[in-house]
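The values are calculated or read from the model by the stated rules, or taken from the named source; none is laboratory data. Please read these numbers as outputs of a predicted model, since none were measured by experiment. Don't worry about glycine lacking a Cβ; one is built from the backbone with ideal geometry, like all the others, and counts go over all protein chains shown.
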Amino acid sequence: MIKRRPQAHFDDDVSRRMRLTWDIAPEVLTVEEAAVLARVPRNAMYEAVRLGIVPAANFGHRRTRIAKVELAKVFAPDVELPSLTAASNHLPEA
């Protein structure tokens, strides 16, 4: 017998993902979260990771994570994230 998630829980999960924005997104994203932010299909995000367009880290089987700052560099270069701004202001002195 196949167990299925209750429909109400699924609807909550979908609405949460649809509300994901650059401001409230976690610093480390799943591929699905990154796809939502970039507004591309999940498979396209996996392909971008595979081709090296989007830098990502793999942690075991089926655990790919993408840093929000790296995703922003590729898909939203005009979005100012606090971590991007802070990194550029704290460059080592020559």
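Quick look at the values:
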item: Qualifying residues in region 76-94 (those that are among the hydroxyl-bearing types (S, T, Y) and closer than 20 Å to L37 by Cα) - the one modelled with the highest pLDDT; result: S83
item: Restricting region 1-50 to residues that are small (G, A, S) and at pLDDT 90 or above, the residue that is farthest from E70 (Cα to Cα); result: A44
item: Residues of region 24-79 satisfying the condition of being touching a residue at least 40 places away in the same chain (Cβ under 8 Å), assigned to a loop (DSSP other than H, G, I, E, B) and in contact with a helix residue (DSSP H, G or I) (Cβ under 6 Å, 6 or more places away or on another chain); result: A25, E27, V79
item: Region 61-75 - residue that is modelled with pLDDT under 90 and exposed (fewer than 15 other Cβ atoms within 10 Å of the Cβ) and, of those, farthest from the chain's Cα centre (by Cα); result: H61
item: Among residues of region 51-66, those that are out of contact with any Ser or Thr (no Cβ under 9 Å at 6 or more places or on another chain) and of a type in the set (V, I, T), counted; result: 2
